Amino acid sequence: MQQIVIKKYESKKSILTPIIFLVIGILLFVNPGGISEFISYIIGGVFLALGISKFIFDKRRNDHTTGDTFYSIVMIALGIIFIAFSGTIEFLVRLAMGIWIIINGLNTIAVGANLMKVNKRSMLSLIIGFVLLIMGVYTILVANLMFQTLGIVITIYAVLEIIDYIYVQIKSR
């Protein structure tokens, strides 16, 4: 068996990306509502700009169709919705995620109830179903929970990347 010997380790890693992720993670954890509104404004602005530019370019073309105009109007409407209802976007995302978790919880409870008919020791499915049900309701009721959790995960990721970068820099000297 042949042994692999590493003579020199060279890393192309940059410290800039983990620092950006660290800042984003901290901001998401500290101010999730403001960040979600800011992202909603950006998405709305992009939709608005795309819709308006497509509308202008389509009017200059001779072969535009009503489908092109409809697409432009839909893009403009989406942009206005994202900008006008920026505070509601976070609630809608939270509501959709909570409903999805509740549906999965109810499904798990139903499967667990059917398993209980066959095997009395399959109580774990029922417990998991009820925990999912509670988590779904909690996700719907608690504002900014998902964005704060995402902020924690991104912050942990960034810290681990920074530690890895420092470790690699020390080892490569």
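A few comments on the model shown:
- Helices (runs of 4 or more DSSP H) wholly inside segment 6-118 containing at least 2 residues that are at pLDDT 85 or above and among the charged types (D, E, K, R): 32-60
- In segment 56-87, the residues that are surrounded by 14 or more Cβ atoms within 10 Å (Cβ to Cβ) and either within 30 Å of Phe130 (Cβ to Cβ) or among the polar types (S, T, N, Q) (or both): Thr69, Ser72, Ser86
- Test: residue in segment 53-76 that is closer than 29 Å to Ile35 by Cβ and within 23 Å of the chain's Cα centre (by Cα): yes
- Residues being outside any helix (DSSP H, G or I) and either within 13 Å of Ser14 (Cα to Cα) or in contact (Cβ under 8 Å) with a residue 12 or more places away in the chain (or both) - total across segment 153-173: 1
- Leu150, sole failed condition from (1) exposed (fewer than 12 other Cβ atoms within 10 Å of the Cβ); (2) under 26 Å from Ser14 (Cβ atoms): (1)
The values are calculated or read from the model by the stated rules, or taken from the named source; none is laboratory data. Source: prediction; values computed, not measured. Please note: Cβ atoms are built from the backbone with ideal geometry, for glycine as well, and neighbour counts cover all protein chains shown.
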